[in-house]
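The values are calculated or read from the model by the stated rules, or taken from the named source; none is laboratory data. As the structure is a prediction and not an experimental result, all values here were calculated from the model. Reconstructed Cβ throughout: ideal geometry from the backbone, glycine too, with neighbour counts over all protein chains shown.
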């Protein structure tokens, strides 16, 4: 007598009450963590391994462990990810996170949620002791982090552009930069898409070592740049001091404010390299500081944003210098 086939357990779906229970629990946990970050910062810091890397694993675990029939690999994606998006949306709408931090964090949040969901697949019966233990992991990791000083990663970001203009024309466009109109930026750059203020102007009080260059960005962001090296038509280097206290609230997320504990721009350097036929290769180098417990990841985003700023500023200076060359004959 042949054995009757054993029917496969039904797959979890969005009509399953257990799915919605796990979703609600995971979203509530994610929002609660952010509330604690805002109102009880010693408990858990937003720029911490516990919050950025461990918390999403817990959210994914909670979303899956509540669903008895979440036994497929597919469940590790479509069950953990919706609560991550929902909690992030709530946090952003309340104003606790800006777009720049949301975009930077989402890749880690989604991968972490999938890892947590994968672990939960092994025991999806809602075991309370295990759930409580997992829920406390971000706080345990965060508490351990508080005893480990932040490590600073100092590095440089370089970009260059070729300009059809002599050094004298290029120099006039970099030593001081008159106000940049939005239409002059060649593309919608990464730093604007992420909510970073656009560059406005730069004015120098005297072209000599010790001179002060004021670089202004939209939203009241100001950098005081002290000239440390100056060779006319060849080199301009300056030490940068972000006027953090003067930045209006809400212009930048507190934990990514330039000059704050996690990120700073320390130095900038323009170098003019003469080319054949009266052309110039203009180099722009920025020295950055990133200070987190996950510098390997934070530096990727810091470098990407800075490179985007550099490329667009260089493009504006190129267009202006070449325009000045074209207009020169008519001014004679």
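Each residue in the stretch 193-227 was checked for being free of Cβ contacts under 8 Å to residues at least 12 places away in the same chain and touching a strand residue (DSSP E or B) at 6+ places or on another chain (Cβ under 6 Å), and 1 of them qualify.
In the set (1) touching a residue at least 24 places away in the same chain (Cβ under 8 Å); (2) surrounded by fewer than 17 Cβ atoms within 10 Å (Cβ to Cβ); (3) farther than 30 Å from residue 149 by Cα, the condition left unmet by residue 122 is number (1). Could you check, for the stretch 178-188, whether at least one of its residues is assigned to a strand (DSSP E or B) and either surrounded by 13 or more Cβ atoms within 10 Å (Cβ to Cβ) or in the same structural domain as residue 312 (by TED's automatic domain parsing) (or both)? No, the stretch 178-188 contains no residue that is assigned to a strand (DSSP E or B) and either surrounded by 13 or more Cβ atoms within 10 Å (Cβ to Cβ) or in the same structural domain as residue 312 (by TED's automatic domain parsing) (or both).
Screening residue 169 on (1) assigned to a helix (DSSP H, G or I); (2) farther than 24 Å from residue 268 by Cβ shows it passes everything except condition (2). Would you check if residue 146 is more than 23 Å from residue 58 (Cα to Cα) and surrounded by 12 or more Cβ atoms within 10 Å (Cβ to Cβ)? When the stated conditions are applied, residue 146 does not pass them. Please verify whether residue 67 is out of contact with any strand residue (DSSP E or B) (no Cβ under 8 Å at 6 or more places or on another chain), more than 19 Å from residue 295 (Cβ to Cβ) and not in a helix (DSSP H, G or I), treating the condition exactly as stated. Taking the combined requirement at face value, the residue satisfies it. Any chance the stretch 33-56 includes a residue that's more than 23 Å from residue 261 (Cβ to Cβ) and free of Cβ contacts under 8 Å to residues at least 60 places away in the same chain? Within the stretch 33-56 (the criterion being more than 23 Å from residue 261 (Cβ to Cβ) and free of Cβ contacts under 8 Å to residues at least 60 places away in the same chain), the answer is no, since none of the residues qualifies. Restricting 288, 300, 266 to those that are within 26 Å of residue 218 (Cβ to Cβ), touching a helix residue (DSSP H, G or I) at 6+ places or on another chain (Cβ under 8 Å), modelled with pLDDT of 90 or more and not in a loop (DSSP other than H, G, I, E, B) reduces the list to 288.
Residue count for the stretch 301-324, restricted to those that are closer than 13 Å to residue 164 by Cβ and surrounded by fewer than 20 Cβ atoms within 10 Å (Cβ to Cβ): 4. Are any of the residues in the stretch 310-331 in a strand (DSSP E or B) and at pLDDT 90 or above? Scanning the stretch 310-331, I find no residue that is in a strand (DSSP E or B) and at pLDDT 90 or above, so the answer is no.
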